[in-house]
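Only the coordinates and a few stated rules stand behind these numbers; no lab work does. It should be emphasised that the depicted structure is a prediction, and the values quoted were computed from it without experimental measurement. We place every Cβ from the backbone using ideal geometry, glycine too, and count neighbours over all the protein chains shown.
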Amino acid sequence: MDETSTDASIVMREVTKRHGDTVAVDRLSLTIRKGEFFAILGPSGSGKTTTLRLLAGFEQPDSGEIIIEGQPMQGVPPNRRPVNLVFQNYALFPHMTVAQNVAFGLEMKGLPTPEIGPHVAEALEMVRLAGKQDRLPSQLSGGEQQRVALARALVNRPAVLLLDEPLGALDKQLRLEMEVELKALQERVGITFVCVTHDQEEALTMSDRLAVMHHGRLLQIGTPEEIYTAPASAFVASFIGVSNSLPGRVQAIDGQRTTVAVEGIGLVHAPSCTGLRTGAPVLVTIRPERLHLSRDPATDGYQNQIAVRVAKAIYSGNEMHYLVTLPNNLTWKARVPNADGTAKRFHAGESAYLKWRTAEAVLLPE
Amino acid sequence: MKTRSWLVAASFADLLFLYLPIAILVVFSFNASKLSARWQGFSLEWYAKLFTDQALLSATVNSLIVATVSTVLAGALGVLTAVALERQPFRWQGAFEVLLLMPIVIPEIMMGVAMLLFFVMIKLPLSLLTMIIAHTIFNFPVVALIVRARLRKLDPRLEEAASDLGATPWVAFKRVTLPLLMPGIVGALLMAFTLSLDDFIISFFTAGVGSTTLPIKVYGMLKSAVTPEVNALSAILVLVSMGLVAVATWVQRK
């Protein structure tokens, strides 16, 4: 997308932020479209939270430019930016009731008191907290506090809603529910959401597009599917879901198909990747759910096959999780649906054949 | 186990040593005898006498004026200092913090003499004003320390949240930080008020003619004779001080 287009909600150009000697954000350039749910994914220390704080205005970039809704943000303090932030620990005002918390932003805007009440009621309705307006934050559960924080931000109708690890403090069950709810909410209000998270599942489920950051740099940007199926680097591949990998060297390139020589295993095939020449060190990666495990050595349509030993078999409801040991002593993970009943399950210590189709693998330069 | 009960016994002995003289003082304030050493029956005579003593009443008024004004001034200075120390790091802050603690650790008599000499040097006549200045100076570090401890426990994200929601720095402070600091501030003010009310040494050096406060008055009464009237006055001062400190502790725990 052209970054000067009117379709852009946020444009960051070559933004750098240093904290002492460390570069927290390193020449970051990205464009976030109006009305999209954009996730910034990365491990702790990747610069994702600093990026969010730069957008909110709590920190100023050392160099580069940030434009929000067409306005340069250079020198604009947080209270005059068209964004609102949902804090990681919610940062609800403990001395104010739920309603007072939600009304705070409207009061600051100078909205007349009689108009504030209906807006607050509507916002609380939206996050399903009607009836709790007179409680103090300390009298609410974690999930309810999180929804107050959302209401407090959304009631101001910001151009952009920033969310810092919004589901991090919730237990797993609630997190799964809130993922769906948050996405539905974003679609309903049509506001641009920028959500920072270290949880790849959260990012993949909720976002329209996501950026993966590491050491302050942007590694890849794209739709969840693009990032999941075509990771641009070994780091992205391993960070977005568990990935198995085999180090090797390019043996031959045959149009769409590249043959890789792997020490101790032999030849494996993967779809070609641009910019690689014969002899180049590469990683062949494949996701656990793309692997098939069989007792039958027949290739039956799978172009790749390795004899392995099952090291561990873990029952996980609808799936079996296997750890298998390859001839070169690498351990891979495989996930196999449990639909076929117990007869086909493998047990620790058994020999098996690990198979996959060439098109399911991803080749990455090392 | 034996060592431990020995430790507890020692602690209780300490308390006894501390409070027994005060208890005796209070008991003898109810003594009917004019000679304070012998018990001759219960009486409220000395308390009644206190309230008719004109000099004593004016000393009480002086004490309250000095304590109130110096507490308000020390409170304002102390809160500002606490916020600056905690939210606005500045150059030489470490040195500043050490210097801030000095009035608490240097001998009071030095402070008293130094202030007396200073007031004489700048030709400021000794009066209630000089006492108020002196009390403000020894009280403001106390307020700063207590309020700062409270501020340190406050999540800085709350102020960020306020500014994110459109509040200017001053409004964020007024609407969010200040209400949450209030228990600490009230506790610190009560403590400062008590310290001012109880102070003798610094007051002794900085008081002028006609600006006698209660502790100075007690000292003056002792010079002529130890009457049960002194006991009664001291008993009231002890109870008021202990009450204020108890309230200060209770407020801060909220």
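In table form, for the structure just shown:
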read-out: GNM flexibility winner over chain A from A:P43, A:P327, A:P137 (Cα, springs under 10 Å); value: A:P327
read-out: Rounded to the nearest 20 debye, dipole of the range A:52-205 from Cβ charges on Lys, Arg, Asp, Glu; value: 400
read-out: Interchain or long-range residues, amide H under 5 Å from A:L219's placed H; value: A:V212, A:M213, A:H214
read-out: Environment charge of A:I227, counting only residues whose C-beta is closer than 13 Å and scoring Lys/Arg +1, Asp/Glu -1; value: -2
read-out: Percentage relative contact order, chain A, counting C-alpha pairs under 8 Å, at least six apart; value: 15
read-out: Estimated [θ] at 222 nm from DSSP helical runs (n ≥ 4, -39500 (n - 2.57)) normalised by residues in the protein assembly as shown, nearest 500; value: -14500 deg cm²/dmol
read-out: Stretch in chain A that is longest and holds no trypsin sites (Lys or Arg not before Pro) that DSSP places in a loop and that have at most 11 other beta carbons within 10 Å; value: A:1-276
read-out: Surrounding net charge for A:A311, when Lys and Arg each add one and Asp and Glu each subtract one, Cβ distance under 13 Å; value: +2
read-out: Peptide-level mean, for A:70-83, of C-beta atoms on other protein chains within 10 Å; value: 2
read-out: Distance violations [Cα-Cα > 23 Å] among A:K172/A:K355; B:K49/B:K223; B:K34/B:K217; A:K109/B:K174; value: A:K172/A:K355
read-out: Built amide H within the under 5 Å cut-off of A:L291, gap 5+; value: A:R335
read-out: Within the range B:76-157, chymotrypsin sites (Phe, Trp or Tyr not before Pro) in DSSP loop having at most 12 other beta-carbon neighbours inside 10 Å; value: B:F90, B:W92
read-out: Tilt relative to chain A, helix A:113-126 - C-alpha long axis, 0 to 90 degrees, to 10; value: 20
read-out: Amide H partners (placed H, <5 Å) of A:F37, local residues excluded; value: A:F193, A:D208, A:R209
read-out: C-alpha long axis of helix B:93-105 to longest principal axis of chain B, angle in °; value: 10
read-out: For the range A:172-177, 3J(HN,Hα) per residue [Karplus equation, 6.51 cos²θ - 1.76 cosθ + 1.60, θ = phi - 60°, Hz, x = Gly/Pro]; value: 4, 4, 5, 4, 4, 5
read-out: Shielding score for B:238-249, defined as the mean number of other chain Cβ atoms within 10 Å; value: 0
read-out: Theoretical FRET efficiency, 1/(1+(r/R0)^6), r = Cβ-Cβ of B:D53 and B:L99, R0 45 Å, to 0.05; value: 0.60
read-out: 10 Å Cβ neighbours from other chains, averaged over peptide B:151-162; value: 4
read-out: Among A:A91, A:A39, A:A334: highest mean-square fluctuation, GNM of chain A, C-alpha pairs under 10 Å; value: A:A91
read-out: Table column - 3J(HN,Hα) (Hz), the range A:236-245, Karplus curve with 6.51, -1.76, 1.60, x for Gly and Pro; value: 4, 4, 7, 7, 7, x, 6, 10, 8, 9
read-out: A:S316-A:S238 FRET efficiency (beta carbon distance; Förster radius 22 Å; 0.05 resolution); value: 0.60
read-out: Förster-model FRET efficiency, 35 Å R0, B:R38 and B:D14, C-beta, rounded to 0.05; value: 0.75
read-out: Fluctuation leader among A:N318, A:N244, A:N338 - chain A, Gaussian network, Cα springs under 10 angstrom; value: A:N318
read-out: Under 21 Å from A:K34, Cα to Cα: lysines that are on another chain or at least 8 residues apart; value: A:K48, A:K183
read-out: Net charge contributed by nearby residues that have their C-beta within less than 14 Å of B:T168 (K/R +1, D/E -1); value: +1
read-out: Stokes-Einstein D in µm²/s, Kirkwood radius over Cα pairs - the protein assembly as shown at 10 °C with 1.306 mPa s viscosity; value: 51
read-out: Label-point gap, in nm, between B:K123 and B:A225 - each point 7 angstrom along Cα→Cβ; value: 4.6
read-out: Selected from B:V143, B:A161, B:L117, residue furthest toward positive end of dipole (the range B:45-253; charges at beta carbon); value: B:A161
read-out: The range A:197-239 residues near the modelled A:E187 label - backbone nitrogen below 20 Å, point 7 Å along Cα→Cβ; value: A:201-210, A:223-226
read-out: Helix axis angle, A:142-154 relative to chain A longest principal axis, alpha carbon, degrees; value: 60
read-out: ³J(HN,Hα) computed for each position of the range B:157-163 - Karplus, 6.51 cos²θ - 1.76 cosθ + 1.60, integer Hz, glycine/proline x; value: 5, 5, 5, 4, 4, 4, 6
